[in-house]
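Sharing a structure, written as structure tokens. Questions coming.
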Amino acid sequence: LSPSQHGGSEVRGGRAAKIGAKAGRVVRVLRLVRILKLYKAYYEAKALERRKRHEKNRPGQDEDDWDDEDVDAMKEKFNQPGKESQVGKKLSELTTRRVICIIMAMMLGLQILEVDETDKAAFSSLYGAEIVWRKFTLMRENGNSSLVGEKRDAYEKSLLKYIYYHNWFAREDSEKYCPMQDCAGLYYSQLFWVGIVGSDAAEVQTYAQNASLQHSNIGAFEKEYARVDGIYNYGFMPTEAQAIIKSEWTIECQHSSDKVSRGISLLSQDIEGLVSHKVSCPQEELRSQEYMYIYPRGMTSAQLDDWYLAFYFDLRPFTRAESMYNIINTMNILILLVSVSLVFANDANRLIVHPVERMIKRVESIRDNPLIAMKMADEEFKLEEIAKARQKRAKKEYVRFILGELMQCRFCGSTDDEPMETVILEKTIIKLGSLLALGFGEAGANIIGHNMRGGDSAGVNAMIPGTRVECIIGVVRIRDFSTATEVLQSKVMTFVNQIAEVVHGVVNEFRGAPNRNSGETFLVIWRMESHESLLNPQDPTALEDKKVKLKAAGKLAGMSIVAFSKILGGLHRSPLLATYRGHPGLQYRLGANCRVNLSFGLHAGWAIEGAVGSEFKIDASYLSPNVSIATSVERATQTYGVSLMVAQSVVELCPVSVVSKCRLIDRVIITGSAAPMEIYCVDLDYRAVSVDTAEPLQIVWNTRNRFKVRQFLESERTAMQSDSFDVLELFDGDQSIRDMRRRYTVEFFQLFNMGYQNYSQGEWQVARRMLSCTRAILGTEDGPSSALLRHMEFPYKFEAPREWQGVRELVTTVAVAETS
């Protein structure tokens with residue numbers, strides 16, 4: 001009855017053709033997207049050209065009294081889009097890709113997940129109806145001839161073939177009523193109602209009686225046709241349905257307002273397991289989309305108005321399948337939209353939101369602790385190195401690397417992508433924070449944090465009130481600096497920086513903070529937690545807190561002494577600084593035994609930490625009388641002929657083990673302090689240190705190696721914070737310090753202490769005898785012994801004055817008024 005009887009290959013071929021047509025439309029959409037991108041580029045180029053022409057023709061304005069139009073013009077200028085950023089370009093590219101993928105997925109997916117109209121009904125429904133109609137009209141035309149029996153048999157056979165070809169039950173239960181397969185189940189509609197439609201009810205009844213089956217044996221028909229295993233099979237019908245087919249056409253329905261129908265319905269009776277919803281009149285008992293009305297197309301208009309055969313097909317399987325596919329399509333679209341929105345959000349988060357959040361987090365961290373910027377830079381560099389190593393390993397796995405490049409479409413462009421502006425901005429924030437930390441130091445942390453907290457304004461207020469801090473103040477001075485400056489001229493900067501590298505490096509290692517360098521002097525600070533201002537001295541918690549802080553302060557005091565001792569040893573071991581010993585100009589001015597040397601002074605007390613300067617230039621520093629005292633202590637090294645002097649305020653904080661390394665040499669009233677204080681020296685003979693002759697490390701000091709060194713130093717700093725850390729071990733374990741202290745014997749210290757005690761108690765004659773011995777016992781002149789002897793000799797002639805209390809006023813050889 002239809003070409004579709006050759007199987008489902010023609011149907012599949014039609015689907016493939018439709019998919020090909022859809023793919024063609026997708027290609028046209030892609031072309032449209034490319035055209036839109038070209039138009040966007042052209043529009044931006046024209047806009048840039050207009051802006052340049054406008055700025056060229058606009059006269060300059062130097063006035064400061066801006067009106068509203070000027071402000072609007074400035075805002076417009078800043079808000080005008082310039083060159084597209086890498087972030088915008090990447091986001092636009094990813095968005096375009098996602099949109100194309102959505103369109104392709106929806107166009108292809110919606111077509112695949114929909115019921116094809118070709119599966120709705122076979123073409124045999126129309127063609128077969130035409131055959132049955134012709135057979136029926138031929139039977140009626142030969143109603144009184146001898147051929148009437150033959151014509152009726154032909155009509156009834158064609159009707160049975162039509163009914164069985166569109167077997168409703170073969171689709172409903174294919175295993176039972178179509179065991180050979182390839183029956184009516186290939187389509188979504190099957191015949192269930194056959195009858196006569198006409199305008200005259202009496203004529204319709206007559207034609208219906210004539211059209212009902214009278215001679216056919218359905219069992220013989222099934223045996224002849226239904227049991228044949230063909231390309232397309234008729235299948236079987238239950239006995240209830242066979243009885244309905246053989247019955248009279250008695251079911252009368254109202255076909256339309258002016259027509260009635262009379263026929264049979266295969267679904268007019270309940271059939272267990274098959275028919276649960278009886279349908280006698282399709283138009284009355286089914287919705288319009290649940291049935292299909294077929295009638296012969298070869299009739300004339302008069303016949304159509306009079307009467308004709310009508311067939312109703314059940315479309316409920318098609319409606320169910322269509323509804324199911326619509327639900328699936330709706331769910332797929334929802335899933336697709338949710339997935340794409342997540343992908344879009346992920347792109348925006350990855351390219352914009354997360355970098356901005358990281359920048360905000362970094363800015364907040366720098367605001368809270370400006371000195372953390374250096375650690376951020378190290379962490380960022382570490383991540384960069386890890387990424388480079390990972391990429392290098394990926395390149396070794398060639399296949400995976402090529403697949404990754406192809407998946408990201410890098411085969412069609414340069415592999416050296418420009419970094420995103422967000423990445424550049426994030427790294428710039430870290431660099432600026434690091435430069436601020438380097439430039440302002442620990443003293444400028446409050447200035448940086450105070451100005452970064454004001455997020456409502458872009459103004460900078462550097463002149464903030466100072467903060468009182470408890471600290472250990474160290475002053476380092478380069479000996480004979482004026483002479484070195486005159487001799488070295490332009491190279492003096494290199495000279496100072498080489499010394500600063502040693503001083504700053506060791507101070508930083510021992511948890512100190514280099515503050516400023518004013519030519520020949522370096523000011524370094526060890527900040528301590530305040531242990532003086534306790535809310536309630538009787539509170540056990542406060543007392544315990546004070547003990548903890550005092551212990552921490554003692555550790556810092558010991559570390560400051562060890563740091564200065566190591567600086568002195570490292571300075572004289574350095575082969576680089578040893579080259580200045582042979583400089584002709586320095587030898588001429590300072591003698592053949594000249595060498596680079598430093599002197600140190602340590603004092604503990606309060607200081608005001610803050611900005612010094614004006615709105616035009618500031619320095620983050622410390623101001624206090626204690627800074628002047630520390631400077632005077634350092635200047636006293638010339639008077640006493642030592643390299644490192646320590647004030648009583650520092651020694652009182654030190655552990656007993658470190659105090660034993662200090663020698664009490666005098667009790668004085670020093671410049672900047674009205675109260676007398678004891679001063680100590682740490683005996684270090686720098687002439688005993690040999691220059692390091694080991695081969696220099698074959699290391700290229702690039703960013704990676706500097707990072708490794710910083711990490712090592714940071715681990716050393718962290719180890720110094722532990723409770724088990726012993727400062728004395730560092731002092732005794734350093735080879736340079738052992739070499740510098742080797743000539744100082746126990747006998748020398750005991751004799752000097754006895755001499756000093758006699759000096760302090762006014763027994764100057766006894767002190768003279770003992771100190772004269774200690775001055776020469778070392779093989780070289782002992783500076784403190786000579787200083788005490790000079791004071792007793794001039795002008796007192798080794799006779800203590802009557803008002804002598806063991807304290808003298810110390811006047812240094814160089815004025816120190818400029819240091820404050």
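The values are calculated or read from the model by the stated rules, or taken from the named source; none is laboratory data. Just so we're clear, the structure is a prediction, and the values are computed from it rather than from any experiment. So basically every Cβ, Gly included, is an ideal-geometry build from the backbone, and we count neighbours across all protein chains shown. The accessibility values were calculated without ligands, DNA or RNA, using every heavy atom of the protein model including side chains. Shrake-Rupley method; radii C 1.70, N 1.55, O 1.52, S 1.80 Å.
Rounded to whole Å, give me the distance from the Cα center of region 269-347 to that of region 547-589.
96
Cross-link list 361/546; 46/89; 135/278; 120/246; 52/427; 89/382: which exceed 25 angstrom alpha carbon to alpha carbon? Don't skip to the end; give the middle numbers.
Details: 361/546 34 Å; 46/89 18 Å; 135/278 30 Å; 120/246 28 Å; 52/427 32 Å; 89/382 28 Å.
With Cα atoms farther than 25 Å apart: 361/546; 135/278; 120/246; 52/427; 89/382.
Can you tally the net charge around residue 566? Count Lys and Arg as +1, Asp and Glu as -1, for every other residue whose Cβ sits under 11 Å from the Cβ of residue 566.
Within the 11 Å Cβ shell, the charges total -1.
In the chain, which helices (entire DSSP H runs) extend 24 Å or more along their own long axis, judged by Cα positions, while averaging at least 0.0 on the Kyte-Doolittle scale?
Helices meeting the span and hydropathy rule in the chain are 86-112, 316-348, 421-440, 492-509, 540-573.
Quick one: if the Förster radius is 41 Å, what FRET efficiency do residue 242 and residue 111 give, using the C-beta to C-beta distance and rounding to 0.05?
E(calc), rounded to 0.05, equals 0.50.
Evaluate the distance, in nm, between pseudo-label points positioned 7 Å from the Cα of residue 277 and of residue 324 along their respective Cα→Cβ axes.
1.5
Quick one: P(r) of region 173-237 from all Cα-Cα pairs, 5 Å bins, percents rounded to integers, in order of increasing distance.
4, 15, 17, 18, 14, 13, 11, 7, 2
A further question follows. Add +1 for every Lys or Arg and -1 for every Asp or Glu among the other residues with Cβ under 12 Å from the Cβ of residue 326, and state the total.
Surrounding charge for residue 326 is -1.
For residue 483 and residue 669, FRET efficiency with R0 = 35 Å and r from the beta-carbon atoms, rounded to 0.05?
Values: r = 31 Å, r/R0 = 0.90.
With R0 = 35 Å, the Cβ-Cβ based efficiency is 0.65.
What nm distance separates the two modelled labels at residue 805 and residue 369, each placed 7 Å from Cα along Cα→Cβ?
Calculated label separation equals 4.7 nm.
Further, regarding this structure: May I ask for the Rg/Rh ratio of region 672-820, computed from Cα atoms with Rh as the Kirkwood radius, given to two decimals?
Value, to two decimals: 1.12.
Could you tally the net charge around residue 800, taking each other residue with its Cβ under 13 Å from the Cβ of residue 800, Lys/Arg +1 and Asp/Glu -1?
Local charge sum for residue 800: 0.
Another question, if that's okay. Enter the accessible area per residue of region 239-309 (Å², integer; probe 1.4 Å; all protein chains in place).
Values: 3710 Å² over 71 residues.
About 52 Å² of surface per residue is accessible.
Here is a further query. Rounded to the nearest whole Å², what accessible area per residue is found for region 730-820 with the 1.4 Å probe?
With the other protein chains kept in place, region 730-820 gives 57 Å² per residue.
Residue separation times 0.36 nm, minus the C-alpha to C-alpha distance between residue 89 and residue 390: what's the value?
So the chain would gain 105.7 nm between residue 89 and residue 390.
Kindly provide the helix-only [θ] at 222 nm of the chain, computed as the sum of -39,500 (n - 2.57) over DSSP H runs of four or more divided by all residues, to the nearest 500 deg cm²/dmol?
Roughly -17500 deg cm²/dmol at 222 nm, from the helical runs in the chain.
Here's a follow-up. Carbon and sulfur together cover what percent of the accessible area of the chain at a 1.4 Å probe radius?
54
Separate question: Given axes a ≥ b ≥ c from the Cα gyration tensor, I'd like to know whether region 601-706 is rounded (a/c under 1.5), prolate (a/b larger than b/c) or oblate.
oblate
For an R0 of 51 angstrom, estimate the FRET efficiency from the Cβ-Cβ distance between residue 331 and residue 47 and round to the nearest 0.05.
0.70
Using packing as a proxy for protection, rank 561-572, 171-182 so that the peptide with the highest average count of other Cβ atoms within 10 Å comes first. Write out the running numbers ahead of the final one.
Numbers: 561-572: 24.3, 171-182: 16.8.
Most protected by this proxy first, the peptides run 561-572, 171-182.
What is the projected area of the convex hull of the Cα atoms of the chain, averaged over all directions, in nm²?
Mean shadow area of the hull around the Cα atoms is 65.7 nm².
Given an 8 Å cut-off on Cα distances and at least 6 residues of separation, report the relative contact order of the chain as a percent. Before the final figure, lay out the partial values.
Details: 1066 pairs, mean separation 71.9, N = 820.
Reported as a whole number, the value is 9 percent.
At what distance in nm do the modelled label points of residue 356 and residue 797 sit from each other, each positioned 7 Å from its Cα along Cα→Cβ?
Result for the modelled spin labels: 8.9 nm.
Here is a further query. Working out 0.36 nm times the residue gap between residue 97 and residue 552, then minus their Cα-Cα distance, what length gain in nm do you get to one decimal?
Here the answer is 157.7 nm.
State in Å² the accessible area per residue of region 576-688; use a 1.4 Å probe, count heavy atoms of protein chains only, and round to the nearest integer.
38
Here is a further query. By a straight-distance test (C-alpha under 16 Å), which lysines pair with residue 176 as possible cross-link partners, with residues fewer than eight away in the same chain excluded?
List returned: 223.
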